[in-house]
Amino acid sequence: MEVNLTLNGEDTTLTVDQSDTLLDALRNAGYTGAKRGCGTGDCGFCTVVVDGASVKSCLQPVARVEGATVETIESLGTQDELHPVQAAFVDNAALQCGFCIPGMIMRVTQFLESNPDPNEEEIREALSGNICRCTGYEKIIDAVQDAASRLSNERAMVSDGGRPVPSGQSCVDCSTCSGGERE
Amino acid sequence: MSRTEDGDEKTTPDGATQADAAPPVEFEEEANNRKKPDERTAVSSREEKADARKIVTGEAKYTADYSREFPDLASGKVLRSEIAHGVVREIDTSAAEEMDGVYAVITPGSPEVPNDPYTSAGQSYPEPSPYDLRVLRERVRYVGDPIAAVAAEDVVTASAAVQAIDVTYDERDAVFDAHTAIEADAPRIHDPESVENHQPGADYERNIEAHAEGEIGDVDGAFAAAADRSDLTVVETEWETPHQSHCVGEPHTTIARRDQDDRYQFITSTQVPYHARRQLAQLFDVPIRDIRVSKPRIGGGFGGKQSIVLEPIALALTMATDRPVKLEATRKEEFHAMRVRRPASVQVRSVVTDEGDLEAIDMSVLTNSGAYGSHGLTASGAVGKKQLAMYTHTPNIRLEMTAAHTNLPVAGAMRGYGAPQGHFALEGHMDTVARELGMDPLAFRSRNLISEGDVDVASSILKEGDGEIKAGGRRIRSCGLEECIERGKRAIGWGDVEQPDADYLHRGLGVAVTIQSSGVPNDELGSAHIKMNEDGSFILQTGAVDIGTGADTAMSQIAAEVLGARPEDILVQPSDTDISPFDYGAYASSTTYVTGTAVKKAAQDAREQLFEFAARMLDEPRETLTAHDGAVYAERTGESVSLEAIGYESIYGDEKRAQVMGEASHSTPESPPPFGAQFADVTVDERTGEFEIHELVYAVDCGTVINPDLAEGQVTGAMHMSYELAVGSGFSFDSDGQPDVVGFGDYGIPKADTQPPLTPIFVETHEPSGPFGAKAVAEIPTNGVPPALTNAIRDAVGVRVDNLPITAEKIRAALDAT
Ligand code: FES
Ligand code: FES
């Protein structure tokens, strides 16, 4: 069967099996950033954003995303131009094996949209559905805090009429523009 | 610390006196190995992890992500035993075979399935573990034993086919508890005739996989003396630890195929590509050269992927279908059909003087190997000998260990390798002794602990096992334990605890000192090859297996430090048995210490060659050259030539052309221990037994830190696992041996909101035998949380929990019993 959706900003038709989950369909179509860690909704490695909400794609029958807007890790930055959340994970060394990271980043991206200035407790709570076996979470929490301030700087500059920080760059140690020190 | 000199009179287990045989304190070290922090350019810096950007963009490829490269890929599924013990009397695969989309169904009788026994323990050759496994089994010994396997066009079809296989069993009595299993009348699990077991003390009449004992001094004599003397105290304790799952992020996954050269190629999530290649070749009677194992990105290993579990089944399916086959474990299979940390029961007895000097330690260990033997002798031995090393000054020490078979999941290697179980027992015991004597637990430790310059003979107390430290013991050339204790005390606020206002809440602090090794002494080989490109960058190949730790990045920093290059100019290739030099693999905390030294030597070899070009280009003697900041400098003139210029000259120069290529191997009898001190700060509610951990602090001496970001990640990640062992681990089974824990939802893995804050502290020492002074760090922080927590709870409310996991109910029950 076929499913029509907006995938990473493009109108897309996926050819799928009726029994496929969204995770199956994405991975079969080459979007392998989302990982399978359990298939039962417990690890969060398969997290993607559907219509603005973070969703465990292993639990989502693909038929249900007909007409939906789906974003995967592939929609964020590139290695040269990282999205601020990705850059925060890199700069805070908030990753080891990396298997949990695409799902973690999708969860964080969506979470910071709903809560742009979270405290540590809120971050921990927000990530409680995303397991990480390698890091002990400490650096991930740091990265989320850092990502929140990068994003809010970005927004502040835009509303200022100033130049937005290009994604993937921080205002610190950057010589692209004259202003833009981080507050 | 106080008792350094006593040791010199003591005899080793081999009867030699230490004064005769102990390795010297001095270690011949190359001049460039010891650099002050401000002299280091690449080492000790927070280099970005080499694969970080591909990870955060989702481009990093793990085994399953390669599926799309093989259009005719078949999906495999394994039929696993539904009973704990018995024999498959009949197996009817006809319905499965007739299903559309099924390519092959294999059973123990299929021609592709080898019938010889093997071991899944990915150890060096000859493996100490017994050959007691068959790829597919008629005789089943636990719920999860593989009986048959299917390859089909997709996973759904393969799963349906597996379900369509009809199995009739003859059930036998099963045994699940290690103590019961070694009773004379327990059901027998293995037939000695069909097993090859070279481990000492194996006795299949009593389900004993291995048994070993060792003694230093005269332990019975010390206890007899204590019975008569009032200035000697005897303390006896008992400890229990449960199963723990590695919970690797990426489930075990493998893709096997036959290539156009009629060779078998694997892309597989393994920690041991070379051991896997050798063991598969031997098992399937294929020449080693006809197997190629490549390791892509790995989603965590922690010892779980040292086992060769899925690869043999995938190869048999590939042979049966002549297609590429992918096998991917489900999370349920991860929990009970891959490998687990072995439960242990440990008894500790000791004799101590009124002043707090240990006179004798007697330790007895019984572990539950589960249905098959892998790492039984070595990991069970490690439950004792690893941490006894810290108390090596004790004149009389005895260790006895038994690994028992039961009809439960198979134990294997797991981060810490026996030491987490052993630390819980020994460090809990030491705390008990200190309290019995009315001493501060750290004051008591400091009278007895090992320190720099000492000889450790206790860790060679068992003569059997892999990689023994040779007679004469192990000289400790770096030990920052005292400072770890001091820094940790300060961070946690030792001796300065404010009690909560509510009178039912009690706050307490606990500590455990910890130790590990850096690789298996006398049983490692790491090698490296580095070649220079004309732009002055380098390609580094090692067989070292980066399973997510960042080992590749650490290797590039070591090479860069030698070559005066930037770490990002050293490109590290993932291990591939056709291409990379040999390596034993990622286990036993060996990579930085052993392979790192090979990398350093190979880089030095390359540097000699590039100095030859530089000497000619600068017209200066090569002895006066130094490499830093991407160039080679002449001492006299200060002139330099860039690595890029040297690169072009070496390949396109007019005078001499030779590619700069360095290579080296490293193998060593040394295995210097890292040390550390774990602290826990807890408040217990005496009404309910509920407890809250405010902070876990771990101060570690791992020698020189190669990359602080990566090392911190190792420490916090390992503390997370240690915390899980303390409070969340444990499997339960029903009375038939069916596992209750089949998913993350049933298991106590700490999440972001349940994991207490973790604080790592680094105490830098210099280990002369390690690359730029480095020792290991990956495993040691898995050892400390269970004992530090039980000690903290004892401090808070006066009761002790001696069996893991620690729960509110157990604390409450202990309080009720007082
Ligand atoms: S794979 Fe979806 S939550 Fe684990
Ligand atoms: S980085 Fe390995 S699971 Fe999170």
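The values are calculated or read from the model by the stated rules, or taken from the named source; none is laboratory data. Not measured: the values here are computed from a predicted model. Every residue, glycine as well, gets a Cβ built from its backbone with ideal geometry; the counts of neighbours run over all protein chains shown. Just so you know, the surface numbers come from the protein's heavy atoms only, side chains and all, with ligands and any DNA or RNA stripped out. Shrake-Rupley method; radii C 1.70, N 1.55, O 1.52, S 1.80 Å.
Odds and ends about this structure:
- Qualifying positions in region A:120-141 - within 14 Å of ligand 2 (Cβ to nearest atom), more than 16 Å from the chain's Cα centre (by Cα) and not in a loop (DSSP other than H, G, I, E, B): A:E138, A:K139
- Close pairs (6 angstrom Cβ cut-off, 6 or more residues apart or separate chains): closer than 21 Å to B:S81 by Cα and small (G, A, S) in region B:722-747, within 16 Å of ligand 2 (Cβ to nearest atom) and in a helix (DSSP H, G or I) anywhere: B:G743/B:R331
- B:Q557, sole failed condition from (1) without any contact (Cβ under 8 Å) to a residue 40 or more places away in the chain; (2) closer than 19 Å to B:E608 by Cα: (1)
- Test: residue in region B:136-158 that is basic (K, R), crowded, with 23+ Cβ neighbours inside 10 Å and more than 14 Å from chain A (Cβ to nearest Cβ): yes
- Segments classed as strands (runs of 3 or more DSSP E), wholly inside region B:603-691, with at least 2 members that are open to solvent by less than 10 Å² (accessible area, probe 1.4 Å): B:631-634, B:675-685
- Only one entry in B:D535, B:D523 is at pLDDT 95 or above and in contact with an Asp or Glu (Cβ under 6 Å, 6 or more places away or on another chain), namely B:D535.
- The conditions of being open to solvent by 10 Å² or more (accessible area, probe 1.4 Å) and either of a type outside the set (V, I, T) or at pLDDT 95 or above (or both) are met by B:R435.
- Lone qualifier among B:P621, B:P574 - being within 27 Å of the chain's Cα centre (by Cα) and not small (G, A, S): B:P574
- Selection count where residues are within 13 Å of another protein chain (Cβ to nearest Cβ), in a loop (DSSP other than H, G, I, E, B) and surrounded by fewer than 24 Cβ atoms within 10 Å (Cβ to Cβ), scope region B:706-749: 7
- Whether a residue is out of contact with any strand residue (DSSP E or B) (no Cβ under 6 Å at 6 or more places or on another chain), in contact (Cβ under 8 Å) with a residue 60 or more places away in the chain, within 16 Å of ligand 2 (Cβ to nearest atom) and within 8 Å of chain B (Cβ to nearest Cβ) was assessed, and A:Q96 does not pass this test.
- Options A:D91, A:D117; residue that is away from ligand 2 (no atom under 13 Å from the Cβ) and either on the phi > 0 side of the Ramachandran plot or surrounded by fewer than 20 Cβ atoms within 10 Å (Cβ to Cβ) (or both): A:D117
- Listed by first and then second residue, the pairs linking a residue in region B:287-302 that is away from chain A (no Cβ under 14 Å) to a residue that is crowded, with 24+ Cβ neighbours inside 10 Å and assigned to a strand (DSSP E or B), with Cβ atoms under 6 Å apart and 6 or more places separating them unless they lie on different chains, are B:V293/B:F266; B:S294/B:I267.
- In region A:55-75, residue nearest to ligand 2 (Cβ to nearest atom) [restricted to those that are in contact (Cβ under 8 Å) with a residue 40 or more places away in the chain and open to solvent by less than 40 Å² (accessible area, probe 1.4 Å)]: A:I73
- Meets criteria (within 14 Å of chain A (Cβ to nearest Cβ) and either open to solvent by 40 Å² or more (accessible area, probe 1.4 Å) or touching a helix residue (DSSP H, G or I) at 6+ places or on another chain (Cβ under 8 Å) (or both)) for B:K775: no
- Flag for A:G39 being within 11 Å of chain B (Cβ to nearest Cβ) and within 10 Å of ligand 1 (Cβ to nearest atom): yes
- Only listed residue being away from chain A (no Cβ under 14 Å), part of a loop (DSSP other than H, G, I, E, B) and open to solvent by 50 Å² or more (accessible area, probe 1.4 Å), chosen from B:E127, B:E183: B:E183
- Taken together, the residues in region B:39-60 that are within 10 Å of chain A (Cβ to nearest Cβ) and farther than 16 Å from B:V572 by Cβ amount to 5.
- A search for C-beta distances below 6 Å between a residue of region A:117-142 that is of a type in the set (K, R) and any residue that is within 14 Å of ligand 2 (Cβ to nearest atom), counting only pairs 6+ apart in sequence or on different chains, returns A:R124/B:A752; A:R133/B:C247; A:R133/B:G249; A:R133/B:G300; A:K139/A:N92; A:K139/A:A93; A:K139/A:A94.
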